[in-house]
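A.B. asks: Please see the structure below; I have some questions.
The values are calculated or read from the model by the stated rules, or taken from the named source; none is laboratory data. Since the model is a prediction, treat every value here as computed from it, not as a measurement. Please note: Cβ atoms are built from the backbone with ideal geometry, for glycine as well, and neighbour counts cover all protein chains shown. Surface accessibility is based on the protein's heavy atoms, side chains included, excluding ligands, DNA and RNA. Shrake-Rupley method; radii C 1.70, N 1.55, O 1.52, S 1.80 Å.
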Amino acid sequence: FLLLDPLSYVRRFKNGEDIEIAGLLAASLSYGRVEQIQKSLETLSKMTGDALTQFTTETTLDEKRKAFGGFKHRFNSGTDVALLLECIRKIKTDHVTLEKFFIRGLSPKDVNIKQALHHFVTAFKTMGTELTGRRQKNFDYLFPSPLSGSACKRLNMYLRWMVRKNDGVDFGLWTSLSPALLVIPVDTHIARIARKLRLV
């Protein structure tokens with residue numbers, strides 16, 4: 001089923017830094033019908049080319065906005081994607097991978113990734129506001145916080161891709177975060193399967 005999954009876009013990349021960025025892009029836009037998600041990711045792929053990290057780090061915010069002109073995925077526009085990649089460029093300016101940036105919010109006492117995820121999304125939203133001079137509601141939609149009551153399904157999916165061992169689906173890129181800290185949001189479909197398997 002991999003070809004029917006947004007992960008198929010991420011699996012095109014071989015470089016770890018590209019995979020980190022592609023994974024966050026794919027997970028962030030993974031809402032709505034799968035056909036539309038695939039179409040949007042295909043459009044982005046044509047706009048950025050195969051060297052995703054190079055595109056992210058070597059273009060300005062204005063250049064990114066121009067490159068994504070006309071892009072639209074339901075609530076989000078090309079400006080939101082440009083802003084997301086520009087935030088990543090800022091992170092990488094400090095010579096930090098997304099993994100290292102994420103675990104900055106992790107405490108040895110944490111029993112799951114809740115606090116670290118909140119720190120991660122808050123940092124992105126803060127950077128987005130600083131870069132544009134005002135809060136961007138649609139951009140913020142890409143970064144919900146667990147402390148606000150969101151299940152953060154898309155971001156938790158991204159973390160599973162990065163953390164769980166490379167088995168042809170997940171990548172196992174992030175080695176400083178234990179898979180035991182991950183959570184699986186329980187939506188209607190997961191709950192139904194869990195009841196059938198008598199897990200709950």
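A.B. asks: Filter the range 1-36 for residues that are open to solvent by less than 10 Å² (accessible area, probe 1.4 Å) and touching a Pro at 6+ places or on another chain (Cβ under 6 Å) and give the result.
C.D. replies: 26
A.B. asks: Before we move on, is residue 128 farther than 24 Å from residue 183 by Cα and in contact with a Cys (Cβ under 7 Å, 6 or more places away or on another chain)? Explain how you work it out, then say what you get.
C.D. replies: Values: farther than 24 Å from residue 183 by Cα: yes; in contact with a Cys (Cβ under 7 Å, 6 or more places away or on another chain): yes.
In short, yes.
A.B. asks: Any residue in the range 134-149 that's more than 16 Å from residue 183 (Cα to Cα) and surrounded by fewer than 14 Cβ atoms within 10 Å (Cβ to Cβ): show its pairings with residues that are at pLDDT 95 or above and among the basic types (Lys, Arg) at Cβ separation under 8 Å, as long as the two are six or more apart or on different chains.
C.D. replies: If the second residue must be at pLDDT 95 or above and among the basic types (Lys, Arg), the pairs left are 135/125.
A.B. asks: Go through 111, 81, 121 for me and flag whichever is more than 15 Å from the chain's Cα centre (by Cα) and either open to solvent by less than 10 Å² (accessible area, probe 1.4 Å) or within 27 Å of residue 171 (Cα to Cα) (or both). Please lay out each step first, then the result.
C.D. replies: On the way: 81 fails: more than 15 Å from the chain's Cα centre (by Cα); 121 fails: more than 15 Å from the chain's Cα centre (by Cα).
None of the others qualify; the one that does is 111.
A.B. asks: Right, here's the next one. Have a look at 63, 86 and point out the one that is without any contact (Cβ under 8 Å) to a residue 60 or more places away in the chain, buried (at least 19 other Cβ atoms within 10 Å of the Cβ) and outside any loop (DSSP other than H, G, I, E, B). First the steps, then the outcome.
C.D. replies: Details: 63 fails: buried (at least 19 other Cβ atoms within 10 Å of the Cβ).
The conditions single out 86.
A.B. asks: Between a first residue in the range 2-20 that is touching a residue at least 60 places away in the same chain (Cβ under 8 Å) and a second residue that is hydroxyl-bearing (Ser, Thr, Tyr), which pairs have beta carbons less than 6 Å apart while being 6 or more apart in sequence or on different chains?
C.D. replies: Pairs that qualify, where the first residue is touching a residue at least 60 places away in the same chain (Cβ under 8 Å) and the partner is hydroxyl-bearing (Ser, Thr, Tyr), are 2/8; 17/53.
A.B. asks: Being closer than 18 Å to residue 128 by Cα and either at pLDDT 95 or above or not polar (S, T, N, Q) (or both), is that true of even one residue in the range 29-50? Break it down stepwise before answering.
C.D. replies: Kept after step one, since they are closer than 18 Å to residue 128 by Cα, are these residues of the range 29-50: 29.
Still in the list and also either at pLDDT 95 or above or not polar (S, T, N, Q) (or both): 29.
Yes, the range 29-50 has at least one match.
A.B. asks: If you don't mind, there's one more thing I want to ask. Of all helices (runs of 4 or more DSSP H) completely enclosed by the range 107-200, which ones contain at least 1 residues that are in contact with a Ser or Thr (Cβ under 6 Å, 6 or more places away or on another chain)?
C.D. replies: Values: elements: 114-132, 137-141, 153-163, 188-196.
Of the helices (runs of 4 or more DSSP H) lying wholly inside the range 107-200, those with at least 1 residues that are in contact with a Ser or Thr (Cβ under 6 Å, 6 or more places away or on another chain) span 114-132, 153-163.
A.B. asks: Filter the range 179-200 for residues that are open to solvent by less than 90 Å² (accessible area, probe 1.4 Å) and free of Cβ contacts under 8 Å to residues at least 12 places away in the same chain and give the result.
C.D. replies: 180, 190, 191, 193, 194, listed by residue number.
A.B. asks: Here are the criteria: (1) touching a residue at least 12 places away in the same chain (Cβ under 8 Å); (2) open to solvent by less than 70 Å² (accessible area, probe 1.4 Å). Tell me which single one residue 50 does not satisfy.
C.D. replies: Of (1) touching a residue at least 12 places away in the same chain (Cβ under 8 Å); (2) open to solvent by less than 70 Å² (accessible area, probe 1.4 Å), only one is false for residue 50: (2).
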